[in-house]
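What follows is a single structure, written as structure tokens, with notes after it.
The values are calculated or read from the model by the stated rules, or taken from the named source; none is laboratory data. Computed from a predicted structure; not experimentally measured. Cβ placement follows ideal geometry from the backbone for every residue including glycine, while neighbour counts extend to all protein chains displayed. The protein model used for the area step is the full one, side chains on, heavy atoms only, and it has no ligands, DNA or RNA in it. Shrake-Rupley method; radii C 1.70, N 1.55, O 1.52, S 1.80 Å.
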Amino acid sequence: MDDVVIEVDGLRRSYGKFEAVRGISLRILRGELFALLGTNGAGKTTTIEVLEGLQPATSGRVRVLGLDPVRDRAAVRPRTGVMLQHGGFTGALTVRETVEAWRSLTVRPHTVAEVLELVDLTDRVNVTVDQLSGGEGRRLELALAVLGRPEVLFLDEPTTGMDPASRRRTWEVVRELQRGGTTVLLTTHYLEEAEILADRVAIMRGGNLVATGAPEDIVRTLPARITFRLPATEVPPELPHATRLVESDRVTYESRQLQGDLTRLLEWANAGDIQLAALSARPATLEDAFLDIAAENDPTDQHAEPEAVR
Ligand code: ATP
């Protein structure tokens, strides 16, 4: 039987009268990398914080490694790594002092050198934390999250503020941990990141899960896209499996049969000696699926102002 590491059944979490998470259920297996996606305010951080034991569930059942993250916090905490959306460091300490302070609180920690090597911060070891750039600060937080070789790693928007090279480095670190058997739950607004890293994703909207599955399964139902520019004097052809949208010189087809439609289009262009400027043809992406879902009206919208009660 598959080893379920994170179990969520009918989770609800309210802040005063406002219900931020409205009865979600999911299962995450050992070694899986699961990405929680959603628009701003969809309830991702709330969900992850309940799993981390930082907030209680209002109702429903949550288990991490078979334990209750709030009631069994002392047992769960050493086996999990947490990277919060807004970490809090003491700026006057150096990177080394910060890692050493955390090591003293951690069971079986990596050495300072190992963990800084892992996140590529070795050359910043003697710099004070308030002198780190935003992206370096995120990498230090990642170092602290993985210091205790966690079985389960929670990453809330881990690569926000990182440059493309640091982001890729972080992906490698996360993949390496996953190869070693770590289960990872990640939230991100970078859909490319989810598409590249995640075994499965869930998309949240207004406190509900509205889609769950492997990224390729979520995009499978959506059409591919062909785009190009064409002088407004030319009329682009009808394609058998596509709908066409023309906005001045920009032409977009949404195609259910990319190869056939593209062949037909190129035959038309070649026959008329027509140049299709900036021609691009690509299958649907997770971003297309996300934008589709985000654009749909939320039937459960509470039109309520959330109250600060935390
Ligand atoms: P983002 O992508 O912007 O980080 P999110 O999906 O992580 O969003 P949450 O931070 O979980 O969303 O917030 C969900 C909803 O709950 C939002 O409407 C937010 O304003 C509200 N909320 C979060 N924390 C509190 C709080 N302490 N008190 C009141 N409302 C809160």
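Accessible area per residue was computed with a 1.4 Å probe on protein heavy atoms; H241 scores about 80 Å². With contacts taken as Cα pairs under 8 Å and at least 6 residues apart, region 224-283 reaches a relative contact order of 48 percent. Centre-to-centre separation between the Cα atoms of region 189-260 and those of region 96-158: 39 Å. Pull out a ≥ b ≥ c, the square roots of the eigenvalues of the alpha-carbon gyration tensor of region 1-90, then state rounded if a/c is under 1.5, prolate if not and a/b is larger than b/c, and oblate in the remaining case. Rounded is the answer for region 1-90, as its axis ratio a/c remains below 1.5. Taken one residue at a time, the phi angles of region 8-14 give Karplus couplings (6.51, -1.76, 1.60, θ = phi - 60°) of 10, 10, x, 5, 10, 9, 10 Hz. Gly and Pro are set to x. Site pair T111 and A278 shows an inter-label distance of 5.4 nm when each label is modelled 7 Å from Cα along Cα→Cβ. Once you sort the root eigenvalues of the Cα gyration tensor of region 19-164 as a ≥ b ≥ c, which label holds: rounded (a/c under 1.5), prolate (a/b larger than b/c) or oblate (the other case)? It is prolate, given that a/c is not under 1.5 and a/b is the larger ratio.
Between S248 and H189, the FRET efficiency from the beta-carbon distance, with R0 = 35 Å, is close to 0.70. For region 4-219, with all protein chains in place and a probe radius of 1.4 Å, 50% of the accessible heavy-atom surface sits on carbon or sulfur.
Taking the DSSP beta bridges with both ends in the chain, the antiparallel portion is around 65 percent. Between L153 and G81, T183, V184, L185, the built amide H atoms are under 5 Å apart, and every one of these is 5 or more places off in sequence or on another chain.
Between amide H atoms placed 1.01 Å from N, distances below 5 Å from L29 occur with V5, all of them 5 or more places distant or on a separate chain. Rg/Rh, computed from the Cα trace of the chain with Rh as the Kirkwood radius, has the value 1.06.
For region 131-141, 3J(HN,Hα) computed residue by residue from phi via the Karplus equation (6.51, -1.76, 1.60; θ = phi - 60°) reads 9, 6, 6, x, x, 5, x, 5, 5, 5, 4 Hz, glycine and proline entered as x.
Overall, the ratio between the Cα radius of gyration of region 224-283 and 2.2 N^0.38 Å, rounded to two decimals, is 0.99. Taking a ≥ b ≥ c as the square roots of the eigenvalues of the Cα gyration tensor, region 169-305 is classed as prolate, since a/c reaches at least 1.5 and a/b is larger than b/c. Relative contact order for the chain using alpha-carbon pairs under 8 Å, separation at least 6, rounded to a whole percent? It comes to 21 percent, rounded to a whole number. Computed with every protein chain present, the accessible area of I196 is close to 70 Å² [probe 1.4 Å]. Solvent-accessible area per residue in region 4-219 equals 41 Å², computed with a 1.4 angstrom probe and all protein chains kept.
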